[in-house]
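*Asks:* If you scroll down you'll find the structure; I have some questions about it.
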Amino acid sequence: YFTRNEVVRNVAFYNDIYRYDLATGKERRITLDLRGRDPHVSPDGKWLVLVMNRMGRTRIGLLNLEGRTGPAGERDIVPVTPWSEDQYETPRWSPDGKAIAVGLWRKGGWRDIRIIDAAGNVLDDVTNDRAVDSGPAWSPDGTALYFSSDRTGIFNLYAYDIAGRTLRQV
């Protein structure tokens, strides 16, 4: 699954989600004028978590890959978070499918990492500081969350231990 920028009515650019079949080499459009980006498939393959954009606001949504398909190929979307002036980015499912790590740009230039559940409840604010933290990725066993940060003045990779709630530079 990937994001492609689409020109709409020769005046606007909308991101839409596509599926690329590795076996056939064919692409299939999944959304239509959704302004969706940063898709990540759930461990069970039934959902895509993605960022939706509208009027300078973003929200996290779940796209049901097994749901209804409309006349233009669009599918059911379940909102996870309300529309927010905070800018969500790169949502990533945990390996067990119970949590979603997201990058979050907040007012004042704060760029942090948050963990939410599929209902949008905040499970953990991994970071809440002046560092630029982005690009969360789960360890295969779900015990750690990796991300990029400039907290030392130079970008490096960091690991956040989920159980111990501790952070270390990788």
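A short reminder: the numbers here are calculations on the coordinates, not readings from a lab. Every value quoted in this text rests on a predicted model; they were computed, and no experiment measured them. Positions of Cβ are generated from backbone atoms using ideal geometry, with glycine treated the same way; all protein chains shown enter the neighbour counts.
*Asks:* Checking the a/c ratio against 1.5 first, then a/b against b/c, what shape does the Cα gyration tensor give for the stretch 1-72? The partial results should precede the final answer.
*Replies:* On the way: a/c = 1.83, a/b = 1.29, b/c = 1.42.
Note, shape of the stretch 1-72 comes out oblate.
*Asks:* Dipole of the chain, Cα-centred, from +1 at each Lys and Arg C-beta and -1 at each Asp and Glu C-beta, to the nearest 20 debye?
*Replies:* Charge dipole of the chain: 420 debye, to the nearest 20.
*Asks:* Once the Cα gyration tensor of the stretch 118-170 is diagonalised, what are the square roots of 5 times its eigenvalues, in whole Å and ordered largest first, as equivalent ellipsoid semi-axes?
*Replies:* Output for the stretch 118-170: semi-axes of 19, 14, 10 Å.
*Asks:* Where in the chain is the longest stretch that carries no trypsin sites (Lys or Arg not before Pro) classed as loop by DSSP and with at most 15 other Cβ atoms within 10 Å?
*Replies:* 131-164
*Asks:* Next question. In µm²/s, what is D for the stretch 78-137 at 20 °C and 1.002 mPa s, where D = kT/(6 pi eta Rh) by Stokes-Einstein and Rh is the Kirkwood radius from Cα pairs? Walk me through the numbers on the way to the answer.
*Replies:* Numbers: Rh = 11.7 Å.
The Stokes-Einstein estimate is 184 µm²/s.
*Asks:* Let me understand the chain better: what is its radius of gyration from the alpha carbons, and its Dmax, in angstrom?
*Replies:* Cα radius of gyration and Dmax of the chain are 16.6, 51 Å respectively.
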